[in-house]
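What follows is a single structure, written as structure tokens, with notes after it.
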Amino acid sequence: MNLRDVIVRPIVTEKSTGMAEIDKYVFEVADGVNKVQIKAAVEEIFEVNVRAVNVSRVRGKWRRYGQSRGKRPDWKKATVTLQQGQTIDIFPGI
């Protein structure tokens, strides 16, 4: 798997934006990747030093569409802690 395919997208919420102040960033990652692959991908793409990676599975929520029920897909979330003083610019140019 290409390292650029490991990270799907950054998770931008109020909580994850606040975590950026303490050098932690949250990403949605591809299923089937491990912490070593996530660390290598973040270090290559953003050119930073990763101190720790925490991974969790997020269950999809059940939703109703009229009379039928459906389920959003499950996905994998990674919280990446960087070396102190390093940052990732999620929105470059803004």
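The values are calculated or read from the model by the stated rules, or taken from the named source; none is laboratory data. Predicted model, so just to flag it, every value in this text is computed and none were measured. All Cβ positions, glycine included, derive from the backbone under ideal geometry; neighbour counts span all protein chains shown. We work out accessible area using only protein heavy atoms, side chains counted, and drop any ligands, DNA or RNA first. Shrake-Rupley method; radii C 1.70, N 1.55, O 1.52, S 1.80 Å.
Quick notes on this structure:
- Looking across segment 59-71, the residues that are at pLDDT 95 or above and either within 25 Å of Lys24 (Cα to Cα) or not in a strand (DSSP E or B) (or both) come down to Arg59, Gly60, Lys61.
- Answer from Glu21, Glu47, Glu14 - the residue that is of a type in the set (D, E, K, R), open to solvent by 100 Å² or more (accessible area, probe 1.4 Å) and at positive phi: Glu47
- Lone qualifier among Ile45, Ile88 - being among the aliphatic types (A, V, I, L, M) and in contact (Cβ under 8 Å) with a residue 60 or more places away in the chain: Ile88
- Hits in segment 28-52 - residues which are over 10 Å from the mean Cα position of the chain (by Cα) and in a strand (DSSP E or B): Val50, Arg51, Ala52
- Filtered by the rule that a residue be in a loop (DSSP other than H, G, I, E, B) and either closer than 13 Å to Phe46 by Cβ or at pLDDT below 95 (or both), segment 73-88 gives Gln83, Gln84, Gly85, Gln86, Thr87, Ile88.
- Failed item in (1) in contact with a Ser or Thr (Cβ under 6 Å, 6 or more places away or on another chain); (2) farther than 16 Å from Gln83 by Cα, with Ala52 passing the rest: (2)
- With respect to the conditions (1) outside any loop (DSSP other than H, G, I, E, B); (2) among the hydrophobic types (A, V, I, L, M, F, W, C); (3) open to solvent by 60 Å² or more (accessible area, probe 1.4 Å), Phe91 falls short on a single one, namely (1).
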